[in-house]
Amino acid sequence: MNIRCIGWNSVYECGTVLKRQAEGEHMIMLIRSRCRIGISGINMHMPADTLLICDGKRTVEYAADECAMVCDWICFDTGDEQEFIDSLDLVYNRPIRFADTEFICSLMRNIASEYYSLGARRAKMIDSLMRVLLIKLSDTGVSRDISVQTSEPHYGLLIELREKIYRNPQMKWNVDTMAAYVNMSRSYFQHLYRETFGVSCIADVISGKIEKAKEILSETGCTVSQVAAMCGYDNEEHFMRQFKKIVGVTPTKYRRQV
């Protein structure tokens, strides 16, 4: 991969409009403030911490309509890594959200630091970091597709709630708690949540817990009992049954495989 240009913590004043033509160059952009994004003429008003991966086949416009726009971005050619990138099944030209944007931001900052360094192994470091970034972006368990924003007044709160759910799997989330967070009735909240995200709120809570469990099992030596507790399960057997049902293997076997 060949980085053409890169920016971290770039700030554009309110009223700025940036347009990127369809010229075949890939771009990853993490927008850390509210903004308007236009893709092939379709405009979407996005909340902070929206990420966009462009494949260079569509014209994309970014506008700081309401406030200054803060973003991190990388423009690059795929070079001889196209096969690797294709294998990741990335979501192109559609806004997505991540539960852990801080990690993405940190990766992009490190890539920018290496790009402007004079280190002897600069190229290898950039290549390695880019691979980590792209693999992380392909993690469908963490990424969350955002639909085009409608006039629904609760949309921003639903996005905020969903991110909170994935950041805090240890919490005792239930329908009443989540409905109260966005100030809705139980029935309306459940209907709107499924309509917005394509999944029930409880299924999403479970998904967040299992994804966190997989992360802990992969990166730590915590016991299965400890993992269960860290992910909000009072019963270890319940955790193990739910994990196997969703992942297909027991937590112990999953740890051996990764």
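Counting only C-alpha contacts under 8 Å and six or more residues apart, can you give the relative contact order of the chain as a whole percent?
Rounded, it is 15 percent for the chain.
Between 0 and 90 degrees, the angle of helix 186-197 with respect to the longest Cα principal axis of the chain falls at about 40 degrees. Summarising the label geometry, the points placed 7 Å from Cα in the beta-carbon direction at Glu219 and Asp139 lie 0.6 nm from one another.
Give the peptides 50-63, 107-120 in descending order of average Cβ contacts within 10 Å, highest first.
50-63, 107-120
Across segment 229-236, computed HN-Hα scalar couplings (Karplus, 6.51 cos²θ - 1.76 cosθ + 1.60, θ = phi - 60°) run 5, 5, 9, x, 9, 7, 10, 5 Hz from first to last residue, x flagging Gly and Pro.
Within a straight-line Cα-Cα reach of under 12 Å, Lys19 can be paired with the following aspartates and glutamates, leaving aside sequence neighbours fewer than 8 residues apart in one chain: Glu61.
Taking label positions 7 Å along the Cα-Cβ direction at both Ser185 and Arg241, the computed distance is 3.3 nm, reported to one decimal. For the residues Thr250, Thr223, Thr78, a 1.4 Å probe over the protein chains yields an accessible-area ranking, largest first, of Thr223, Thr250, Thr78. Paramagnetic label reach from Ser128 (point 7 Å along Cα→Cβ; backbone nitrogen cut-off under 18 Å): within segment 74-108, residues 106-108.
Candidate cross-link partners of Lys57 among the aspartates and glutamates, defined by an alpha-carbon separation under 20 Å and a same-chain spacing of 8 or more, comprise Glu23, Glu25, Asp77, Asp80, Glu81, Glu83, Asp86, Asp89, Asp145. Bridging of Lys172 to aspartates and glutamates at a Cα separation below 19 Å is possible for Glu160, Glu163, Asp204, Glu211, Asp234, Glu236, Glu237, once same-chain residues fewer than 8 apart are set aside. Toward the positive end of the charge dipole of the chain, with +1 on the Cβ of Lys and Arg and -1 on the Cβ of Asp and Glu, the farthest Cα among Tyr188, Trp8, Ala64 is that of Tyr188. Cβ-Cβ distance of Tyr92 and Cys5, R₀ of 22 Å, FRET efficiency by 1/(1 + (r/R0)^6): the value works out to about 0.70. Entry note, the chain: the mean residue ellipticity at 222 nm calculated from DSSP H runs of n ≥ 4, each adding -39500 (n - 2.57), is -13500 deg cm²/dmol after division by the residues and rounding to the nearest 500.
Structure remark: mean-square fluctuation, Gaussian network model of the chain, C-alpha springs under 10 Å; the largest value among Cys201, Cys71, Cys14 belongs to Cys14.
Accessible surface for the chain, divided over its residues, is 51 Å² per residue with a 1.4 Å probe.
The values are calculated or read from the model by the stated rules, or taken from the named source; none is laboratory data. Quick caveat: nothing in here was measured; it's all calculated off a predicted structure. Because the Cβ atoms are built from the backbone with ideal geometry, glycine has one as well, and the counts that use them run over all protein chains shown. What goes into the accessible areas is simple: the full protein's heavy atoms, side chains included, and nothing from ligands, DNA or RNA. Shrake-Rupley method; radii C 1.70, N 1.55, O 1.52, S 1.80 Å.
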